[in-house]
Amino acid sequence: MKVSVLGAGAWGTALAISLAPRHQVTLWARDVQQATAMQSSRSNLRYLPDMPFPQALQLSSDMDAALAGAELLIVAVPVSSLRGILQRIAAMPVATPVIWLCKGFEAKTSQLPHQIVAETLPANFPRAVLSGPSFAQEVARGLPTALTLASGDIEFAQRIAQELHHSRLRIYSSNDVVGVEVGGAIKNVLAIAAGISDGLHLGYNARAALLTRGLAEMTRLGLQLGGKAETLGGLSGAGDLILTCTGDLSRNRKVGMLLAQKRELVDILNELGHVAEGVYTAREVHQVAQRSGVEMPICEAVYRVLYEQLTADKAAESLLSRQPSNEFYQDSK
């Protein structure tokens, strides 16, 4: 299959490396200098410096060339850039299948990626979201990874999952796009909370409690928006949550750990050099939860630390001082 991966960040590059031995893959970079450097070094020195490209992987900074003749388009850009890329794709004369990898809500509109896709792409373009517990470095190294591919057209999801699936990249199909996207978005906010907890040295017990109650928040919002409980308890929900909240490679967890050290957010983001989607998603989750009437105290605490100057230790104290309630009641706080 002729596949074009649009976006040469860490995740797009890693997926291109993983798929190149089995498909005809082109990795598109917006920046001409980055594409030239990758072609010269046969690696992505900025995002995955120790991962050499397969010989068959092609590189391009020409969007039209990357789109031409592609049988599958994988959009690997942040949510903030998704709409612009889709507008270019929408002008294609052929309705090429599109998969997106981004996780989060769009700023200002608070839309999930599939809603942006619905507004931007003509209805005849097949579409799906690919998400799940996946650190780019491990995918690029060929370590085992399992993901979920979700589409409103389950036959399309099953077919593309079969095409992309291999022994080191296991892909499961689903028709619950909302559940998959909500899980992918909320886990980044909760990872910041986990980083704060770890940075304050609150212990493993606290981290386990935070993940469990965070999953409850994720599930409440996911169900409210139309997702399914089993999806939120699966790879793209609980699985991604566990990875991002406990793994040392998690950018969002690192943000939380540095916030616990009372570092300024702007300095943290400059130091990372990568996008930490949870920082921006927290603001939109705050808005969506308020409009939906869904109680999300952990996500709310993260929002207040990021945008209302609440210190990390005070945020932890406010969560720990909440009144006890019944764990599984629907109206549980």
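The values are calculated or read from the model by the stated rules, or taken from the named source; none is laboratory data. Please read all numbers here as calculations on a predicted model, not as lab measurements. Here the Cβ positions follow ideal geometry from the backbone for every residue, glycine too, while neighbour counts run over all protein chains shown. These accessible areas exclude ligands, DNA and RNA; they are computed on the full protein's heavy atoms, side chains included. Shrake-Rupley method; radii C 1.70, N 1.55, O 1.52, S 1.80 Å.
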Report task. Keeping the other protein chains in place, figure out the carbon and sulfur percent of the accessible area of the chain, with a 1.4 Å probe. Result -> 50 percent
Report summary line: Heavy-atom accessible area per residue of the chain, all protein chains kept, 1.4 Å probe, expressed in Å², is 45 Å²
Requested in this report: List the relative contact order of the stretch 170-319 as a percent without decimals, with contacts defined as Cα pairs under 8 Å and 6+ residues apart.
Outcome: 32 percent
Query raised in the report: Mean residue ellipticity at 222 nm from the helices of the chain, using -39,500 (n - 2.57) per DSSP H segment of n ≥ 4 over the full residue count, to the nearest 500 deg cm²/dmol?
Result: -15500 deg cm²/dmol
Query raised in the report: Just from the alpha-carbon atoms, what are the Rg and Dmax of the stretch 1-138 in angstroms?
Result: 14.3, 42
Requested in this report: Of all alpha-carbon pairs in the stretch 130-213, indicate the percentage at a distance above 20 angstrom.
Outcome: 49 percent
Query raised in the report: Accessible area, 1.4 Å probe, largest first: how do Tyr204, Tyr47 sort?
Result: Tyr204, Tyr47
**Report entry** Convex hull of the chain built on C-alpha atoms - directionally averaged projected area, nm²
**Finding:** 16.0 nm²
Query raised in the report: Which of the peptides 222-230, 189-197, 276-284, 143-151 is most tightly packed, and how do the rest follow, judged by the mean count of other Cβ atoms within 10 Å per residue?
Result: 189-197, 276-284, 143-151, 222-230
Query raised in the report: How far is helix 204-225 tilted, in degrees, relative to the longest principal axis of the Cα atoms in the chain, given as a value from 0 to 90 rounded to the nearest 10?
Result: 70 degrees
Report summary line: For the stretch 66-129, Rg(Cα) over 2.2 N^0.38 Å is 1.03
Requested in this report: Would you kindly state how much longer the chain becomes between Glu71 and Ala37 on full extension, computed as 0.36 nm times their sequence separation minus their alpha carbon distance, in nm to one decimal?
Outcome: 9.6 nm
Query raised in the report: How high is the relative contact order of the stretch 72-151, in percent, with contacts defined as C-alpha pairs under 8 Å that are six or more residues apart?
Result: 29 percent
Query raised in the report: Do you know the relative contact order of the chain, to the nearest whole percent, from alpha carbon pairs under 8 angstrom that are 6+ apart?
Result: 14 percent
Query raised in the report: How big is the Rg/Rh ratio for the stretch 179-333, C-alpha atoms only, Rh by Kirkwood, two decimals?
Result: 0.94
Query raised in the report: Which residues in the stretch 282-312 have a backbone N closer than 20 Å to a point placed 7 Å from the Cα of Gln115 along the Cα-to-Cβ line?
Result: 282-297, 299-300, 303
